[in-house]
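Working notes, beginning with the structure itself.
The values are calculated or read from the model by the stated rules, or taken from the named source; none is laboratory data. Just so we're clear, the structure is a prediction, and the values are computed from it rather than from any experiment. Here the Cβ is made from the backbone with ideal geometry for all residues, glycine too, and neighbour counts use every protein chain on show.
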Amino acid sequence: QQRFGKYTRSILNGLGIPVENKYGLRPAVVKGTNKVAPFTPNRDLDTKGWLKGVTSFNFHMHLPHYEITKNDGSINLLATQPIDLSNPHPFTEAGNTEFNSFIWIKPDGKRAGDVLIADSTIFSTLFGADESLENF
C-alpha cells in the first residue's frame, strides 16, 4: 500500500534530491499554550527571503524530519523545529532536540526551478493559524 510518506520519498528520489522524510515528530509548543514553538532559522542561507518575517509554522501533531542523506552544498536547511521532548523517541534519545523542517534547493543543470521541502500542514489553517505565516 502506497502511503503519503512513501509517495514523497519516491518524488524526492526521482528528482535526485538526497533528502528523506523520516520520523513523525511532535513539535514543541510555547509553555502554557497550544501554539507551536518558533522554529530556529538559518537566515544567512535564506538568500531569497523565503522565510522573511516568518517566525513559526502552524502546529500539527506529527511532522517529518527531513534527513539530508548527502549534502554537496546545494541543500540549504532554512529551519529546524524544536521537538516536544515529553514523548520518548529514538531520534531524541540520540540527543536530537530539533528536526529539519524547511529545506530549499537552488536550481541546477537538471532542475530549472527552486525546490522547497516542507510538510504541507505547516501552512494549513485546519489546526489553527499562526499570524507569522501571513508573511510567507
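Hey, could you check segment 87-100 for residues that are within 16 Å of the chain's Cα centre (by Cα) and at pLDDT 95 or above and say which is surrounded by the fewest Cβ atoms within 10 Å (Cβ to Cβ)? Here the answer is Thr97. Would you check which residues across segment 44-62 are outside any loop (DSSP other than H, G, I, E, B) and surrounded by fewer than 11 Cβ atoms within 10 Å (Cβ to Cβ) and list them? Asp44, the sole residue that qualifies. Scanning segment 29-42 for residues that are out of contact with any Asp or Glu (no Cβ under 8 Å at 6 or more places or on another chain) and over 20 Å from Val19 (Cα atoms) yields a total of 7.
Condition check ((1) of a type in the set (Asp, Glu); (2) surrounded by fewer than 18 Cβ atoms within 10 Å (Cβ to Cβ); (3) on the phi > 0 side of the Ramachandran plot) across all residues:
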position	(1), (2), (3)
Tyr7	no, yes, no
Gly16	no, yes, yes
Asn21	no, no, no
Pro64	no, no, no
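Take the conditions (1) more than 26 Å from Asn13 (Cβ to Cβ); (2) polar (S, T, N, Q); (3) part of a loop (DSSP other than H, G, I, E, B); Asn96 misses just one of them, which is (1). For beta carbons closer than 6 Å, sequence separation of 6+ or different chains, a first residue in segment 1-27 that is closer than 16 Å to Pro90 by Cα and a second that is at pLDDT 85 or above and part of a helix (DSSP H, G or I), the qualifying pairs are Tyr23/Phe91. Reported count of residues in segment 28-49, each being under 21 Å from Trp104 (Cα atoms), touching a residue at least 60 places away in the same chain (Cβ under 8 Å) and in contact with a strand residue (DSSP E or B) (Cβ under 6 Å, 6 or more places away or on another chain), is 1. Looking only at residues in segment 63-84 that are modelled with pLDDT of 95 or more and out of contact with any Lys or Arg (no Cβ under 9 Å at 6 or more places or on another chain), the one that is nearest to Gly16 (Cα to Cα) is Leu77. Applying a threshold of 9 Å to beta carbon distances and a minimum spacing of six or more residues, or different chains, the list of pairs starting in segment 54-75 at a residue that is under 17 Å from Leu116 (Cα atoms) and ending at one that is of a type in the set (Ser, Thr, Tyr) and at pLDDT 90 or above reads Phe57/Ser101; Leu63/Ser101; Pro64/Ser101; His65/Ser101; Tyr66/Ser101. Just to verify a result, which residue in segment 62-79, among those that are out of contact with any helix residue (DSSP H, G or I) (no Cβ under 9 Å at 6 or more places or on another chain) and of a type in the set (A, V, I, L, M, F, W, C), is farthest from Arg9 (Cα to Cα)? Top of the filtered list is Ala79.
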